[in-house]
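The values are calculated or read from the model by the stated rules, or taken from the named source; none is laboratory data. Just so we're clear, the structure is a prediction, and the values are computed from it rather than from any experiment. When we count neighbours, we look across all protein chains shown, and the Cβ atoms used for this are built from the backbone with ideal geometry, even at glycine. To get the accessible areas, we keep the full protein, side chains included, count just its heavy atoms, and leave off ligands, DNA and RNA. Shrake-Rupley method; radii C 1.70, N 1.55, O 1.52, S 1.80 Å.
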Amino acid sequence: MTLATSNPLLQPWNAPYGLPPFARIDPAHFKPAFEQALREQLAEVETIANASQAPSFDNTLAAFDRSGRLLARLDGLFYNLTSSETSPALQAVEMEMAPLMAAHASAIYMHAGLFKRIDALHAQRDTLDLGPEQRRLLERVHLDFVRAGAQLAPAAQARYAQVMERLAELTTRFAQNVLADESFYQLVLRGDAELAGLPDFVCAAARQAAVERGVHDACVITLSRSHIVPFLTFSERRDLREQAYRAWTTRGEHEGAHDNRPIAREILTLRREQARLHGHASYADYALADTMAGTPAAVTALLQQVWGPAKARVAQEREALRALLASRGEALQIEGWDWRYLAEKLRQQRYDLDEAALKPYFPLERMVEAAFDCANRLFGLRFVEQPAIQVYHPDVKVYEVRAADDALAGVFLHDNFARPSKRSGAWMSSYRQQSRNGDEVLPIVVNNNNFAKGAPGEPTLLSFDDASTLFHEFGHGLHGLLSNVTYERLSGTNVLRDFVELPSQLFEHWLEEPEVLKRHARHHRTGEPIPDELVQRLKAARRFNQGYETVRYAASALVDMAVHSLGAAEAPDISAFEAAELERIGMPPGIGINHRLAHFQHLFSGSSYAAGYYVYLWAEVLDADGYEAFVEAGDPFDPAVAQRLRRFVYASGNSLEPSQAYRAFRGRAPTVEPMLRQRGLLRPKDGML
């Protein structure tokens with residue numbers, strides 16, 4: 001029996017829609033399949049590079065875009081599994097493959113013969129009579145090769161490849177260490193005293209977590225955000241809040257096998273060397289050269305526009321919390337484990353808005369229906385569940401995606417619940433990307449969330465923030481599903497990183513539309529729509545505590561920029577640097593930041609957001625300004641605006657330069673004022689939230 005006939009990964013994938021053969025896959029199948037795929041792409045590249053014909057777009061760029069299809073198929077499967085349903089065996093393969101995959105990328109992007117052909121075409125690009133998408137592909141691929149070391153001297157290339165291999169190992173280890181800390185921790189609660197203050201929905205989710213972890217007659221709080229944030233918000237036990245908060249904020253920062261501090265320090269040192277090999281003073285300079293922002297100075301200028309006002313706002317919020325404490329006859333220093341608890345008490349007092357009263361109107365299934373309905377009204381998509389199709393976990397739902405003309409447009413997987421085998425956070429990914437360079441390829445997209453699962457027979461109830469996260473990731477999903485380009489390397493979310501968050505953050509706005517809430521936010525027991533007065537209180541409270549939220553986010557982004565702007569050859573101790581930098585920028589006490597460096601996966605699990613955490617704020621400028629196009633049209637589902645949004649934002653992938661794409665949608669460049677109003681850092685316009 002040959003490898004091709006014994007390994008299901010190398011056989012035709014005959015499951016519906018070309019989904020992977022999940023039930024037949026064993027972790028041992030991956031390494032030999034990857035080895036075969038790497039050999040195949042190298043052979044394809046050699047064929048392109050050694051062609052006797054003069055380089056042309058078709059025999060070089062289009063051919064390169066088609067290369068590595070087996071590798072892309074395996075890559076999509078493997079890295080989705082290691083994120084969503086991993087195991088020790090998969091993690092071992094992941095560690096083994098990390099340097100091999102990096103070495104392969106270097107071999108491709110430093111291939112002298114292939115780059116010579118691409119470089120020749122790039123030099124002639126003005127005379128080649130290329131279409132806009134063809135020219136964009138040529139320019140992007142040429143830049144990718146240059147940024148991967150194609151123009152470096154041979155000795156520098158050899159060292160660059162070594163750096164990239166080591167970085168691949170380190171970033172993989174960093175992610176696995178965070179998952180280990182998150183998987184092992186559990187705060188076991190027994191008895192009314194330890195459950196004091198927790199609403200029924202928190203207790204129900206904690207009981208379900210205990211069942212899943214084999215803890216009997218108890219509740220368990222995990223480090224999943226959908227567990228820890230409600231616990232910090234409602235628990236009356238300050239000692240337990242402190243215990244949970246410290247566990248949450250010190251992930252990756254414990255002595256032993258899962259200590260990420262030396263790993264992050266080595267990553268930073270190697271990134272500095274990577275940047276220097278390219279002639280840049282710092283990694284931030286290198287990373288930002290291929291973004292809309294362009295420079296660290298531009299990023300810092302944007303962050304500073306919110307940092308000062310946010311600190312002023314959080315000082316007012318702190319005084320309000322102190323006044324609340326005084327009214328209760330309490331005097332204590334407000335710490336990170338106190339803020340959410342006290343803020344929730346104040347929110348209830350000011351707005352008569354109780355999270356426990358709100359959640360019954362946001363069952364997960366209703367919110368999924370709401371997201372699907374908005375996609376239908378905006379873009380004509382229908383999502384048809386396929387319950388007979390089983391994938392990698394029983395919780396995952398599979399949907400056909402149908403276009404307005406009922407043609408199959410793609411496949412959507414929805415993986416919504418937290419589990420120990422799944423990394424934290426929320427994200428979108430692809431098993432297959434849309435393209436038509438050769439055969440027509442339809443996308444297979446997955447959304448991952450980490451919601452606390454309801455007990456058997458009970459619905460999973462979301463907070464409004466949870467529902468916003470669901471809409472956010474679904475916006476990313478639509479970016480992949482609506483892609484309409486020729487070349488895979490320009491498909492879907494393969495865009496500049498400070499543009500990639502626009503489709504996701506923009507889609508969040510529809511959740512706040514009153515007509516969407518009235519249609520879909522219905523009580524899970526009675527089916528009654530959310531009352532108008534509760535909607536109004538929800539709207540009134542949307543800017544509540546925004547100083548706190550903005551300070552936490554902006555501080556993380558500023559620390560990211562600072563640590564990646566260092567010029568010293570050797571990176572510092574990350575914990576000491578973080579503390580010093582927060583003191584330097586005047587971080588208000590008792591708040592904390594979104595992500596401490598030792599578990600900051602955006603930065604150190606791969607590199608896509610390294611020197612890039614600012615992108616959420618950059619995209620917020622775009623999404624706040626962009627949504628006003630619908631406000632100006634007087635209809636959140638205005639067909640003409642929706643058509644422009646689809647064509648120039650959701651469907652165009654990286655076939656258009658981002659600022660050009662935004663201008664084509666909006667008719668002008670964005671302005672920052674809508675974002676500042678959205679965060680409550682400017683006076684709102686009359687009639688606006």
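Placing a label point 7 Å from the Cα of Ala388 along the Cα-to-Cβ direction, the residues of region 5-21 whose backbone N falls under 14 Å of that point are 15-17.
The stretch between Asp354 and Arg668 holds 108.9 nm of extra length on full extension. This uses 0.36 nm per residue minus the Cα-Cα distance. Bridging of Lys539 to lysines at a Cα separation below 25 Å is possible for Lys311, Lys345, Lys359, Lys518, Lys685, once same-chain residues fewer than 8 apart are set aside. The P(r) of region 79-180 has a tail past 20 Å containing 53 percent of all C-alpha pairs. Computed log10 I(q)/I(0) for region 257-317 at 0.13, 0.22, 0.25, 0.30 Å⁻¹: -0.56, -0.86, -0.92, -1.09, from the Debye equation with unit scatterers placed on every C-alpha and solvent omitted. The label-point distance for Glu440 and Leu408, in a model that sets each label 7 Å from Cα toward Cβ, rounds to 1.1 nm. Nearest 20 debye, what's the magnitude of the dipole of region 118-254 about its Cα centre given +1 on Lys and Arg Cβ and -1 on Asp and Glu Cβ? Dipole size: approximately 220 debye. Scaling against 2.2 N^0.38 Å puts the C-alpha radius of gyration of region 311-451 at 1.54.
Under the convention that each Lys and Arg Cβ holds +1 and each Asp and Glu Cβ holds -1, the size of the dipole of region 1-55 around its Cα centre is about 160 debye. Under 5 Å between amide hydrogens, built in the peptide plane, is the criterion, and for Arg432 it picks out Ile444 among residues at least 5 positions away or on other chains.
Once both labels are modelled 7 Å past Cα along the beta-carbon direction, what's the Glu570-Glu273 spacing in nm? So the label points at Glu570 and Glu273 sit 1.4 nm apart.
Only beta bridges with both residues in the chain are counted; by DSSP, about 80 percent of them are antiparallel. Per-residue Karplus couplings for region 106-114, computed as 6.51 cos²θ - 1.76 cosθ + 1.60 with θ equal to phi - 60°, are listed in order as 5, 4, 6, 7, 10, 5, 4, x, 5 Hz, Gly and Pro entered as x. Compared with the dominant principal axis of the Cα atoms in the chain, helix 69-84 is inclined by about 20°. The HN-Hα couplings worked out from phi for region 569-576 by the Karplus form 6.51 cos²θ - 1.76 cosθ + 1.60 (θ = phi - 60°) are 5, 9, 5, x, 4, 5, 5, 5 Hz, whole numbers, x standing for Gly and Pro. Hey, for a label at Ala540 modelled as a point 7 Å past Cα toward Cβ, could you say which residues of region 322-353 have their backbone N under 20 Å away? Label zone hits: 324, 343-353. Each label point was placed 7 Å from the Cα along the Cα-to-Cβ direction; for Glu330 and Ser56 their separation is 7.5 nm. Provide the FRET efficiency to the nearest 0.05 for the Ala120-Lys345 pair, computing r from the beta carbons and using R0 = 60 Å. After rounding, the FRET efficiency stands at 0.35. For the pair Glu212 and Leu100 in one chain, pulling the backbone fully straight at 0.36 nm per residue adds 36.7 nm over the alpha carbon distance. Binning the C-alpha pair distances of region 484-554 at 5 Å intervals from 0 yields a P(r) profile of 3, 12, 13, 15, 15, 12, 11, 10, 6, 2 %, listed from the shortest bin outward. The mean sequence separation of alpha-carbon pairs under 8 Å and at least six residues apart, normalised by the residue count of the chain, gives a relative contact order of 16 percent. Would you be so kind as to identify which of Ser83, Pro20, Val45 lies farthest towards the positive end of the dipole of region 1-125, taking Lys and Arg as +1 and Asp and Glu as -1 on Cβ and the Cα centre as origin? The listed residue farthest towards the positive side: Val45. Solvent-accessible surface of the chain, taken per residue with a 1.4 Å probe and all protein chains present: 39 Å².
Over all orientations, region 380-505 has a Cα convex hull whose mean projected area works out to 9.0 square nanometres.
When the Cα positions of Ala156, Ala72, Ser183 are compared along the charge dipole of the chain, Ala156 comes out farthest toward the positive end, with charges on each C-beta of Lys, Arg, Asp and Glu.
Available extension along the chain between Glu458 and Thr5 is 158.6 nm, counting 0.36 nm per residue and deducting the alpha carbon span. In order along region 670-677, the phi-based Karplus estimate (6.51 cos²θ - 1.76 cosθ + 1.60, θ = phi - 60°) of 3J(HN,Hα) comes to x, 10, 7, 4, x, 5, 5, 5 Hz; Gly and Pro are listed as x.
Counted by Cβ distance under 11 Å from Asp352, the other residues give a net charge of +1, where Lys and Arg count +1 and Asp and Glu count -1.
Pairs of alpha carbons in the chain separated by more than 51 Å make up 9% of all such pairs.
The Cα atoms of region 159-290 give a gyration tensor whose axes a ≥ b ≥ c have a/c of 1.5 or more with a/b greater than b/c, which makes the shape prolate. If R0 equals 56 Å, the separation of the Cβ atoms of Arg644 and Gln162 corresponds to a calculated FRET efficiency of about 0.75. Using R0 = 25 Å, the C-beta based FRET efficiency linking Ala580 and Thr295 works out to 0.55. The dipole here belongs to region 534-637: it is taken about the Cα centre, uses +1 on the Cβ of Lys and Arg and -1 on the Cβ of Asp and Glu, and is about 460 debye.
Average projection, convex hull of the Cα set of region 1-145: 10.5 square nanometres.
Our Cα-only numbers for region 399-438 put the radius of gyration and Dmax at 14.1, 41 Å. Over the residues of the chain, the helix contribution to mean residue ellipticity at 222 nm works out to -17000 deg cm²/dmol, using -39500 (n - 2.57) for each DSSP H run of at least 4.
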